[in-house]
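For reference, the structure is listed below as structure tokens.
What follows draws every value from the coordinates through simple rules; no lab data is involved. If you're wondering where the values come from, they're calculated on a predicted model, not measured in any experiment. Using ideal geometry, Cβ is built from the backbone for each residue, glycine included, and neighbour counts are taken over all protein chains shown.
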Amino acid sequence: MPDIVQSNRVFLLKSGEINGIQMGILSNGIPYLSLRSLARLCGVDNMQISRMSDEWAENTDSPRNIKLKELLSEVNYHESNLFTRVETSDGEVYAYTEHVCLSILDYYAHEAGRYCNDIAKKNLRFLNHLSFRIFVYKSLDYDPNRPMISGYEAYIQRVTINEKVRSGYFTVFMESSVLTWKMISAGLEVNEKTIVDGSIGLCWGNYWRKNNLEEKYGERIPHIHVWPMTYPQAVNGPINTWAYPDTVLVEFRRWMYNDYVKYHLPKYLKSKVKGGEIEEEESVIILDTLYQKDQQLLQ
């Protein structure tokens, strides 16, 4: 079976410059420093970190690169680059993440020969005591257990990192995003507890099996859905879902806007009202928005 195309993109969750140190947090929750800031903490000029990055990317046998490989292998870091390119409002930033920063600091504190310096030693001791992650989180007033953005913005993050799928197939998540948007516009607050596409996917999977649609349209294929770090579900990693052949897309849309919204969505919203996640009035408004006066659904 051909590989499914996934979006492995990380994006900026929060950034800032504290006491001249440019830092940030990526969408996977990992903190980083910019090249300039890492060089400053290591007590060296920017070119030293830049050359080190080039040597790593070129897999050279220089003594410096060999030692850095030893340090990073201890934390199971085997990426092709020492940095991740991240787009910010000020342009592209080379983000050196937690393990890379600490390993390079360790190098300039203890392993760099004549380039070892007291600045790197002092900063390494400080970060080892404080913990690099706590240092960045506290500096930016970031609490990983506290939502940083609205439910709508978090949903957009889900769309952004899950938009790609193998050619010739679609996912329930992406195809139901227009329906979800209509519900958000009608007042539904989507969050880690109110996940409409999960309900749609479950009901559609039952419909697919019950009606033997594989014989008519071909096989569905496994697909990975990734949770942004803004969702508590992210701690358990990606989840296994399905991608369906484009040949069934017309039937899926008819089913979703008719069968699902008419018969399954009211039950789903009722469960949310019962659980205290939405108000009953919200449920009524959402359903009214999706229906015309003659009870034919808006599509």
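Brief remarks on what is shown
- Exposure proxy shown here: for His78, His223, His99, the number of other Cβ atoms within 10 Å sets the order, fewest to most, as His78, His99, His223.
- Taken about its Cα centre, the chain carries a charge dipole of roughly 340 debye when the Cβ of each Lys and Arg holds +1 and the Cβ of each Asp and Glu holds -1.
- Dipole of the chain [Lys/Arg +1, Asp/Glu -1 at C-beta], most positive-end residue of Tyr244, Cys42, Thr230: Thr230
- If R0 is 30 Å, the Cβ-Cβ spacing of Val75 and Arg166 corresponds to a FRET efficiency of close to 0.35.
- 3J(HN,Hα) from dihedral phi, the stretch 253-260, Karplus parametrisation 6.51/-1.76/1.60, rounded to Hz, x for glycine, proline: 5, 4, 4, 5, 7, 10, 4, 5
- Cα-based shape type of the stretch 179-240, given that a ≥ b ≥ c are square roots of the gyration tensor eigenvalues and the cut on a/c is 1.5: oblate
- Directionally averaged shadow of the stretch 12-139, computed from the convex hull of its alpha-carbon atoms, nm²: 7.4 nm²
- For the stretch 151-290, the Cβ-based charge dipole about the Cα centre amounts to some 400 debye (Lys, Arg positive; Asp, Glu negative; other atoms uncharged).
- Only Lys, Arg, Asp and Glu carry charge here, each on its Cβ (+1 for the first two, -1 for the last two); on that basis the stretch 12-139 has a dipole of about 480 debye about its Cα centre.
- Charge dipole (the stretch 3-96, unit charges on Cβ, about Cα centre) - positive-most of Leu33, Leu68, Ala57: Leu33
- Ranked by how many other beta carbons lie within 10 Å on average, peptides 100-111, 185-196 from highest: 100-111, 185-196
- Each peptide among 161-173, 262-274 gets the average number of other Cβ atoms lying within 10 Å of its residues, and from highest to lowest they stand as 161-173, 262-274.
- Pairs spanning more than 29 Å between alpha-carbon atoms, out of Lys138/Lys272; Lys14/Lys193; Lys216/Lys262; Lys67/Lys121: Lys138/Lys272.
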